[in-house]
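Each value in this text was obtained by applying a stated rule to the coordinates, not by laboratory testing. Everything quoted here is computed from the prediction, not taken from an experiment. Virtual Cβ from ideal backbone geometry, glycine too; neighbours counted across all protein chains shown.
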Amino acid sequence: MKSKLYGIGVGPGDKELLTVKAVRAIENSDVVIAPSALEGGESIALETAKEYIKEGTEVVIKHFPMGKKNRVEKAKEAYEFIEEKLREGKNVSFLTIGDPYVYSTYIHMLKHMEERGFYVETVPGITSFCAAASLVDRTLVVGDNPLMILPATRVKDIKDEKYVVIMKVYKHEETVVDFLEEKGFDYVYVSRAGREGQLILTDKDEIKKARDYMSLILASRE
Ligand SMILES: C[S@@+](CC[C@H](N)C(=O)[O-])C[C@H]1O[C@@H](n2cnc3c(N)ncnc32)[C@H](O)[C@@H]1O
């Protein structure tokens, strides 16, 4: 049988928020690859999925730097490793936080693997913002309104939208909060949704002081 690469969304970090399909794919894998933003660092995706990894499975953390430096070389190294395992006939799971198709390194890897003719199956995951909305009991979008999802660096692109999700808030807390205040939004900041250290903030000064890479803001207005 042909080997398969699974791109698996493991959800926001809560061990109970993986799909049955994700768990089965992980169980069916000979190799599990987990990305880490820091060299030698932990992988949140791996922490989330580890209890579903069968004994004897090869588990590898691959460093995907966030900055420009080393980015291409590190990705190439990871891709080559995955290709080698697939050529050996092994099933490989590549774990991603949230959903694989939302702001994920997986998107680039998938293109690379498909171009080389490998068989890839993507397993969707619960996004961080869907998990956050349930945590704080807040409507993401309703009726015939659009939902705008954008990174904090583009917050000023918000025009007349009523429902927005701002991701990658880290280091942009102040700009985002000031903008939302000025435009009459009601908002909530959520970091580490569903994980240890989870934080929910609504006070603007507290949000401005918060610093967590795993953070987002849900906002809406009348
Ligand atoms: C590289 S993107 C990954 C998004 C992910 N694929 C998803 O579907 O949610 C990283 C951003 O996702 C958000 N994020 C991921 N997990 C989170 C969590 N548990 N709590 C809050 N925000 C989270 C943060 O905005 C972070 O900067």
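One table, with the values for the structure above:
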item: Note, ³J(HN,Hα) from phi for the range 91-100, Karplus 6.51, -1.76, 1.60, rounded to Hz, x at Gly and Pro; result: 8, 10, 9, 10, 8, 9, 6, x, 9, x
item: Angstrom value of the Kirkwood radius, inverse mean 1/r, which spans all Cα pairs in the range 5-123; result: 14.1
item: Residue-averaged 222 nm ellipticity for the chain, from DSSP H runs of 4+ at -39500 (n - 2.57), nearest 500; result: -8500 deg cm²/dmol
item: Equivalent ellipsoid semi-axes, the range 128-220, via Cα gyration tensor eigenvalues times 5, rooted, Å; result: 19, 16, 11
item: From phi via Karplus (6.51, -1.76, 1.60), per-residue ³J(HN,Hα) for the range 40-53 in Hz, x at Gly/Pro; result: x, x, 6, 10, 5, 4, 5, 3, 5, 9, 4, 6, 9, 8
item: Per-pair calculated FRET efficiency, R0 = 22 Å: Lys111 and Glu39 via Cβ, rounded to 0.05; result: 0.35
item: Burial order of peptide ranges 126-133, 78-85, 92-99, 141-148 (average beta-carbon count within 10 Å, highest first); result: 92-99, 126-133, 78-85, 141-148
item: Proportion of all alpha-carbon pairs of the range 167-222 beyond 16 Å (%); result: 33
item: Part-to-part distance (alpha-carbon centres) for the range 122-182 and the range 78-115, which is given in Å; result: 27
item: Shape box of the chain [Cα atoms, principal axes, largest first, Å]; result: 57, 37, 33
